[in-house]
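To keep things clear, I will list the structure first and then write my remarks on it.
The values are calculated or read from the model by the stated rules, or taken from the named source; none is laboratory data. Computed from a predicted model, the values in this text were never measured in an experiment. Every residue, glycine among them, receives a Cβ derived from its backbone with ideal geometry; neighbour counts consider all protein chains shown.
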Amino acid sequence: MNRAAKKWGLRYGASRFVAGETIREAISKVKELNAQGLACTLDHLGEFVRSREEAIESADYCIKTLNAIHQAGVDSNLSLKLTQLGLDIDATMCHENMCRILECAKQYSNFVRIDMEDYSHCQQTLTMLHELRKEYDNVGTVIQAYLYRSESDIKALQNVPLRLVKGAYKESPKVAYPAKRDVDNNYKRIIKQHLVSGSYTAVATHDEHIIDYTKRLVSKYDIPHTRFEFQMLYGIRTQLQLSLAQEGYKMRVYVPYGNDWYAYFMRRLAERPANVAFVLKSMVIK
Ligand code: FAD
């Protein structure tokens, strides 16, 4: 699908959500965002690799990204997915890949965020995080509010820097709230739970109700701006990103790059049908 998407030229639409195919392009976008007061997290796109070689190559790319961030002196950390590092092939190799990446990040005092994937990888991701945190404190993960288990997972992750999101994958009602209202209510609950416990919290959403809720919460509990941040995806609600930064909040943009963009791009389209019209337009008007 990735190859077919490229052949048919979907990349014209994807460029709204993907910062480029090379590290150079991505770093140049990060510089532009930093100049506007926005911090970043770079993600070298890729998931579900099929061989050990691909997994090791992906880990090498993550290290290249950390080196490039350091060399350019930009304000960005790194986000990655464990399936990209071979979780489905060999968990021990995936752990070794993570250790190589975290050693490099530690040398630069940088931070690495493990994105949360679909439910079938949730427990493995948390187990891996737990193992890694025994040796490294510069690693955190993501908790998805649509999962029934999110509240109890957060309880076990006190003092771990977490990014909290609604959740992007299609999950069974056996494990996830099917109704948006329930997801939003649980999202508010877990934001309060992690923030008020004193743990560093990244609230990653484009939903203004949730953003306003977080602003009220931090004001009520007198939580300093150094203990939380907002995060949004590259190319989505860019004005809102800027206004939060101008109001003095820490605002971080998730900047994906690389030529393996198809799955990421499709998730963004699925979230918002209006994006499909946008992409069709950009394919016709070149
Ligand atoms: P929604 O209720 O979906 O949207 C609120 C409003 O935001 C919409 O009305 C619309 O105006 C705008 N909006 C939302 N999505 C789009 C879009 N695609 N295009 C244009 N406008 C849009 N999910 C995971 O499962 N695992 C992760 O590791 C993960 N990491 C993330 C990292 C960041 C920085 C962000 C911002 C999201 C991440 N997500 C992740 C995705 C998340 O779970 C949601 O799927 C996504 O953010 C949409 O939900 P929302 O909170 O923005 O609220």
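Within the stretch 30-53, which residues are more than 17 Å from the chain's Cα centre (by Cα) and closer than 17 Å to Ala72 by Cα?
Within the stretch 30-53, Lys31, Glu32, Asn34, Ala35, Gln36, Gly37 meet the criteria.
Taking the options Tyr221, Tyr257, name whichever one is more than 10 Å from the ligand (Cβ to nearest atom), aromatic (Phe, Trp, Tyr) and surrounded by fewer than 20 Cβ atoms within 10 Å (Cβ to Cβ).
Tyr221
May I ask you to verify whether Leu132 is within 16 Å of the ligand (Cβ to nearest atom) and either outside any loop (DSSP other than H, G, I, E, B) or crowded, with 21+ Cβ neighbours inside 10 Å (or both)?
No, not satisfied.
Yes or no, residue by residue, for (1) part of a loop (DSSP other than H, G, I, E, B); (2) at pLDDT 95 or above; (3) more than 30 Å from Thr22 (Cα to Cα); (4) away from the ligand (no atom under 13 Å from the Cβ):
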| residue | (1), (2), (3), (4) |
| --- | --- |
| Tyr213 | no, yes, yes, no |
| Thr226 | no, yes, yes, yes |
| Glu229 | no, yes, no, no |
| Met232 | no, yes, no, no |
| Gln239 | no, yes, no, no |
| Phe265 | no, no, no, no |
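Just to verify a result, which residue in the stretch 135-179, among those that are polar (S, T, N, Q) and within 23 Å of Thr214 (Cα to Cα), is nearest to the ligand (Cβ to nearest atom)?
My answer is Gln144.
Looking at this structure, is Lys286 part of a loop (DSSP other than H, G, I, E, B), modelled with pLDDT under 95, loosely packed, with under 14 Cβ neighbours inside 10 Å and in contact with a helix residue (DSSP H, G or I) (Cβ under 9 Å, 6 or more places away or on another chain)?
Yes; evaluated as a whole, the condition is true for this residue.
This table checks each residue for (1) in contact with a Gly (Cβ under 8 Å, 6 or more places away or on another chain); (2) closer than 22 Å to Met232 by Cβ; (3) surrounded by 20 or more Cβ atoms within 10 Å (Cβ to Cβ).
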| site | (1), (2), (3) |
| --- | --- |
| Gly86 | no, no, yes |
| Tyr108 | no, no, no |
| Asp137 | no, no, no |
| Ile143 | no, yes, yes |
| Arg149 | no, no, no |
| Tyr177 | no, no, yes |
| Lys180 | no, yes, no |
| Tyr187 | no, yes, yes |
| His194 | no, yes, yes |
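Quick check on this structure: which one of Glu47, Glu21, Glu96 is surrounded by 14 or more Cβ atoms within 10 Å (Cβ to Cβ), more than 19 Å from Gly235 (Cα to Cα) and modelled with pLDDT under 95?
Criteria check complete, one pass: Glu47.
Say we look at the stretch 105-121 and pick out the residues that are touching a helix residue (DSSP H, G or I) at 6+ places or on another chain (Cβ under 8 Å) and part of a helix (DSSP H, G or I); which of these is nearest to Ala39 (Cα to Cα)?
Ala105
Working only within the stretch 180-193, note down all residues that are touching a Leu at 6+ places or on another chain (Cβ under 8 Å) and either within 15 Å of the ligand (Cβ to nearest atom) or assigned to a loop (DSSP other than H, G, I, E, B) (or both).
Result: Tyr187, Ile190, Ile191.
Which count do you get for residues in the stretch 151-164 that are surrounded by fewer than 21 Cβ atoms within 10 Å (Cβ to Cβ) and of a type in the set (Val, Ile, Thr)?
Number satisfying all stated conditions: 1.
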